[in-house]
Structure formats: structure tokens, C-alpha cells
Amino acid sequence: MKRSSIVILSAVVVLFLVSWILKGASFSGDDNPYLRGFLTTAAAFLTLAVFSFLYQDNPFYKFAEHLFVGVSAAYWMVLGFWQTLVRNLIPRLSSDLAAWFETPSKDISLWYIIPVIFGLLLLMRLSKSAGWISRWPLALIIGYTAGINFVGYMRSDFVNQIAATFVPLLVNWQGTGAFFSDFSLAIDGQFVMMLSNWVIFVGVMCGLIYFFFSKEHTGLFGSASRVGIWILMITFGASFGYTVMGRISLLVGRLTFLFRDWLELIG
Amino acid sequence: MKRQVPLFITFFVGTLLIVSVFSPPIETLGEDFSVFFDIIAVFAFFLGGGNLLRVHLTKISRRKHDWAYSIVTLVGFVVMLWAGLFKVWNEGGIAASVTAEESLFGMIFNSVLIPLQSTMYSLLAFFIASASYRAFRAKNREATILLVAAFIILLGRTAFGTMLTAWMPSSLSAMEIPNLAIWIMNSPNLAGQRAILIGIGLGVVSMSLRIILGVERTYLGDDGK
């Protein structure tokens, strides 16, 4: 280890200890002030460790990254154990075991031994010689996903989306005269509502035409395809803007934690 | 055994679930299978945990590059697992929620996992901004449309966007930037999303059929050939 690394590490450890003591003192009214101080300090230092990646890859980031992997793997295992095995499986297999886990019992059904057997077969993946048996539970998972998605996607992503596209193109229509006399660009006005429906109907059709590659995109078909590209570009732009705003709100959340909950610089 | 049994299981389960939708006596089969699926998924988590242990223990024992960080992973994994499975410091005992705030599991979740997770995701804000600065050029009409749509959505969700067009009369309210952002999300964006969704729907249906009928076998690995 280089001397500069030792100095930086020592400085971080000292800062951590100082922050722990000061935060602990600020929570003096609580039952466990120093435990709370430790947790807040740990959260702040881990946040800063991840942000340090903005400078370059460094040991603090690697520490945070490796800790994240270990903790999150255990988190999902624990959640799976208590919420699925204890709540959904054990009460269906044994009322005595359900009583021991103090979980409400359900109708006993030995059919539920099947996923347990398949689950245990899945663990055979860890063995080199018998690893091929893990394809059986994998096949069950794939078959379930294919069967459920076949109907689910047909309904939600195909039939329902097409049905929702056929919207009235004339909204609250009371004649041309009334339309022009009440014309406005108000968000809840007749023109904007009609425009929305036209954009949805024409946009979906043109978007689908763009994805139809069995005919050459020339002439009227090509023009419709070009409109489809524009609609898709708006979609990608909107999705990008939406994603950026989501990430920025997370960033604001972390900065709020650092400056309000940890450093107490803002109210 | 290596190839035919998995293909038969996939075909049987997939067909059964499709038939169950059209057969009232077995229409709850989908729900039962979803519980089966969840239970097998838990074993998949255990498999993941076992694999994590194996990989990092191997890395430590062979003193591979950055092996010391594997100790951090293993310590985090073992402590979180111990805290969760034994419900350490959980005042409600075995019947209490595993994620109770006062428990060690809840504390690690709130003070380690949540900060790490949200900071990792918030890092993307910087990378997206830097990537968009390099990539976004209004070189042609399509790129300009994308840029303008993104800009309006971003502006429409800020106080500055609201302030810019607050002077507009109510008869032009659709032109106010926040309303324009909402309109873009609800109309052209919806149309584009829907065109993509219909394509995805068709793709998923055809891929599901290929899998059920055994045409698609890549999930079997090398033995699927």
C-alpha cells in the first residue's frame, strides 16, 4: 500500500469517527443515539464513496460496490425465504411447521412439493457432473413464462392497445360554425382534445407502418413511415427527458440526505 | 433426458396455461403456477447466493486481483443473511415483519442498501448529462425533434418552465410549457409507445409459441442443438 493511500485512508477513518461522535451527540434524545449516529454516518460515507466514482475508479468506490453486491444478494434471499417459503409454501405443506413459524395456516396441498423438488433440482447447477438436471426447473420457468405471456401480452400489448387507438376523431362536435367560433388553444378545449386523438390515431398507424418492413418505404407508404419516425423520435425524446428527471430527483434525494440529515446545513 | 425432458416440460406447462385461460374448471391454474414460480425463484436466489460464495471464496483463496474486496462482499452477505434469517434485534419475534425498522436487517437495509442503491442510480444523471452533451446535435430533422421533445419535457418539470410561460392567457394554456410537456407525454409519446408495445406484443406472442413448440431451444444451452 502506498504512503499517500495510507494517509487518505487514515483521514477518512478519522473523519468517520468524528462524524459518528458528533452525530451521536446530536441524537442525544433518542434511545440509542450512538447507534443512530453510526448508521447516519455510514449512509453518508457510502453515498460519498459511490459519488467518488465521478472523479475516477478508486478503492472507496470498489468497497461500496462490493458491499452493495453482497448485501443485496442476501437481502433478496432473506425476503424470498420469509415472504415466499414461510408465508406461501410452509402453511400449505405442514400445519405444525406453520404454527412454529407463527404464520397463518392454509389448506394443505401436497401439490406444492413439486416446486420444492424443482427448486432443489435447480441447485444442482452448482454441481459439474449433475448440472444438466437444473434444466428441468429452468424449463418449467420458461414454459410458465411463455404460457402466461402468450395470453397476457396478446391481451394487454396487442388487443387492448389496438382497441384504445380507435378514439373518436371528432370530440364534442356541434358543427363547423361552433368549432371555429369557440376555437382556442386551451388545454381542455375542443381543438386540443381533437388534436390529441388525431395524433394518437395517426401516430400509431404511422409508427406501425415504420416497423413494417415487408414493403418498400416509398411514395405514400414512405411518407407515412417518415411521420412514424418523427413520432418515435418524440417518444424517445420524451422518454429520455423523463428518465433524466427521475435520475435527477434521486440525486436531489441523496444531496438532501447529505446536507440536511447528515451535515444539518439546510432545514 | 438432457434434451427431451425439458422440452416436454416446457410444452406441457406452456400449453396447460394457455388452455386454462379458456377452461373455467382450471382457470385458477395460472395463479397456482405463479406460486410455483415464486417458490422456484427463491431457490434461484439461493443458487445465486451459493454461486456468489463460490466465486468470491475462490477469488480469496487464489489471491486474485482485488481479492480483498471479495472479503467485503462476503462480510456484507453473511451479516445481512444472519440478520435476516434469524431476525436479529427484531422485537416482534418470529411473527414480526422481517423488514421492521428496529431490526438489524431493517437498519442495514435503510442505512446501507438504500443509500447505495439510490446513489448508484443517481450517478446515471451525470453520465446521461455528459453523454447527451456529446451525442445530442441537431444534425437533421429527426435529431432536432428528439432534442426539442426532451427539452420541453425537462423544462416542463421545473419551476423555471412554469415561470417562463405563466403570462399566457387561459385560451392559450396548451402552449404553457408544463401543459405542453403533459400533452407530449399523453399524445405523441403515447402513440409512439403504443406502436412499440404492439410490436413487442407480437414479438412476445411469436417467441412464446416458438418456445412452447420447441422451435426455440437456446435456453437449453449447448445441449439444445
Inset, instruction - Would you point out the residue of the range A:89-108, among those that are among the small types (G, A, S) and in a helix (DSSP H, G or I), that is surrounded by the most Cβ atoms within 10 Å (Cβ to Cβ)? - result: A:A98
Inset, instruction - Give the range B:164-195 a look and list any residue that's more than 7 Å from every other protein chain (Cβ to nearest Cβ) and among the charged types (D, E, K, R), or say none. - result: B:E176
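Given the structure, is B:A143 over 26 Å from A:R226 (Cα atoms) and surrounded by fewer than 21 Cβ atoms within 10 Å (Cβ to Cβ)? Full working, then the answer.
Details: over 26 Å from A:R226 (Cα atoms): no; surrounded by fewer than 21 Cβ atoms within 10 Å (Cβ to Cβ): yes.
It is false that B:A143 is over 26 Å from A:R226 (Cα atoms) and surrounded by fewer than 21 Cβ atoms within 10 Å (Cβ to Cβ).
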Legend entry - Filter result (farther than 14 Å from A:G241 by Cβ and not in a helix (DSSP H, G or I)) within the range B:124-153: B:R137, B:A138, B:K139, B:N140
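Look at B:L209 and say whether it is more than 23 Å from A:Y242 (Cβ to Cβ), in contact with a Leu (Cβ under 8 Å, 6 or more places away or on another chain), at pLDDT 90 or above and part of a helix (DSSP H, G or I). Outline the logic, then answer.
Numbers: more than 23 Å from A:Y242 (Cβ to Cβ): yes; in contact with a Leu (Cβ under 8 Å, 6 or more places away or on another chain): no; at pLDDT 90 or above: yes; part of a helix (DSSP H, G or I): yes.
Criteria not met by B:L209.
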Legend entry - Near pairs, Cβ below 7 angstrom, 6+ apart or cross-chain, from the range B:106-132 (at the interface with chain A (Cβ under 7 Å from one of its Cβ atoms)) to any residue that is charged (D, E, K, R): B:S118/A:R254; B:T119/A:R254; B:Y121/A:R247; B:S122/A:R247; B:S122/A:R254; B:L124/A:R247; B:A125/A:R247; B:I128/A:R247
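Yes/no matrix, rows are residues, columns are (1) within 11 Å of chain A (Cβ to nearest Cβ); (2) modelled with pLDDT of 90 or more; (3) in contact with a Pro (Cβ under 8 Å, 6 or more places away or on another chain):
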{"residue": "B:S20", "(1), (2), (3)": "yes, yes, no"}
{"residue": "B:F36", "(1), (2), (3)": "yes, yes, yes"}
{"residue": "B:F43", "(1), (2), (3)": "yes, yes, yes"}
{"residue": "B:L47", "(1), (2), (3)": "yes, yes, no"}
{"residue": "B:V55", "(1), (2), (3)": "yes, yes, no"}
{"residue": "B:T58", "(1), (2), (3)": "no, yes, no"}
{"residue": "B:R63", "(1), (2), (3)": "no, yes, no"}
{"residue": "B:S70", "(1), (2), (3)": "yes, yes, no"}
{"residue": "B:G76", "(1), (2), (3)": "yes, yes, no"}
Legend entry - Unique match (being open to solvent by less than 40 Å² (accessible area, probe 1.4 Å) and either within 8 Å of chain B (Cβ to nearest Cβ) or over 25 Å from B:F12 (Cα atoms) (or both)) among A:A163, A:A238, A:A130: A:A238
Inset, instruction - Output the residues belonging to the range A:183-217 that are more than 7 Å from every other protein chain (Cβ to nearest Cβ) and closer than 16 Å to B:P188 by Cα. - result: A:F191, A:M193, A:M194, A:L195, A:N197, A:W198, A:F201, A:V202, A:M205, A:C206, A:I209, A:Y210
Legend entry - Number of positions in the range B:154-168 that are of a type in the set (G, A, S) and assigned to a loop (DSSP other than H, G, I, E, B): 1
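Working carefully through the options A:I141, A:I108, A:I117, find the one that is closer than 14 Å to B:D38 by Cβ and among the hydrophobic types (A, V, I, L, M, F, W, C). Full working, then the answer.
Numbers: A:I108 fails: closer than 14 Å to B:D38 by Cβ; A:I117 fails: closer than 14 Å to B:D38 by Cβ.
Being closer than 14 Å to B:D38 by Cβ and among the hydrophobic types (A, V, I, L, M, F, W, C) holds for just one of A:I141, A:I108, A:I117, which is A:I141.
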Legend entry - Total residues in the range B:56-98, condition open to solvent by less than 60 Å² (accessible area, probe 1.4 Å) and either touching a residue at least 12 places away in the same chain (Cβ under 8 Å) or among the charged types (D, E, K, R) (or both): 18
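Being of a type in the set (F, W, Y) and open to solvent by 50 Å² or more (accessible area, probe 1.4 Å) is the filter here, so list the residues in the range A:172-199 that pass it. Break it down stepwise before answering.
So the first thing to find is which residues in the range A:172-199 are of a type in the set (F, W, Y), and the list is A:173, A:179-180, A:183, A:191, A:198.
Answer for the range A:172-199, where residues must be of a type in the set (F, W, Y) and open to solvent by 50 Å² or more (accessible area, probe 1.4 Å): A:W173, A:F180, A:F183, A:F191, A:W198.
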Inset, instruction - Report yes if B:S171 is open to solvent by 40 Å² or more (accessible area, probe 1.4 Å), in a helix (DSSP H, G or I) and among the hydroxyl-bearing types (S, T, Y), otherwise no. - result: yes
Inset, instruction - Show the residue pairs that are 6+ apart or on different chains and have beta-carbon atoms under 9 Å apart, the first residue being within the range A:51-78 and under 21 Å from B:L81 (Cα atoms), the second being part of a loop (DSSP other than H, G, I, E, B) and open to solvent by 30 Å² or more (accessible area, probe 1.4 Å). - result: A:H66/B:D66
Inset, instruction - Provide a single number: the residues in the range A:52-81 that are within 25 Å of the chain's Cα centre (by Cα), among the aromatic types (F, W, Y) and open to solvent by 30 Å² or more (accessible area, probe 1.4 Å). - result: 5
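Restricting the search to the range A:133-143, which residues are at the interface with chain B (Cβ under 7 Å from one of its Cβ atoms) and open to solvent by 30 Å² or more (accessible area, probe 1.4 Å)? Outline the logic, then answer.
Initially, the range A:133-143 is screened for residues at the interface with chain B (Cβ under 7 Å from one of its Cβ atoms), giving A:135-143.
Across the range A:133-143, the qualifying residues are A:R135, A:W136, A:L138, A:I141, A:I142.
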Inset, instruction - Look at the range B:163-218 and say how many of its residues are over 29 Å from the mean Cα position of the chain (by Cα) and either within 21 Å of A:V204 (Cβ to Cβ) or of a type outside the set (S, T, Y) (or both). - result: 13
Legend entry - Test: residue in the range A:61-80 that is farther than 28 Å from B:V55 by Cα and more than 7 Å from chain B (Cβ to nearest Cβ): no
Inset, instruction - All but one of (1) under 30 Å from A:M205 (Cβ atoms); (2) facing chain B (nearest Cβ under 7 Å); (3) open to solvent by less than 40 Å² (accessible area, probe 1.4 Å) hold for A:M154, so report the exception by its number. - result: (3)
Inset, instruction - Confirm whether B:S111 is modelled with pLDDT of 90 or more and either open to solvent by 30 Å² or more (accessible area, probe 1.4 Å) or under 27 Å from the mean Cα position of the chain (by Cα) (or both). - result: yes
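Working carefully through the options A:L35, A:L46, find the one that is surrounded by 12 or more Cβ atoms within 10 Å (Cβ to Cβ) and at pLDDT 95 or above.
On the way: A:L35 fails: at pLDDT 95 or above.
Result: A:L46 is the single residue among A:L35, A:L46 that is surrounded by 12 or more Cβ atoms within 10 Å (Cβ to Cβ) and at pLDDT 95 or above.
The values are calculated or read from the model by the stated rules, or taken from the named source; none is laboratory data. Computed from a predicted structure; not experimentally measured. Counting neighbours? That spans all protein chains shown, and the Cβs are built from the backbone with ideal geometry, glycine included. Please note that ligands, DNA and RNA were not included when accessible areas were found on the heavy atoms of the full protein model with its side chains. Shrake-Rupley method; radii C 1.70, N 1.55, O 1.52, S 1.80 Å.
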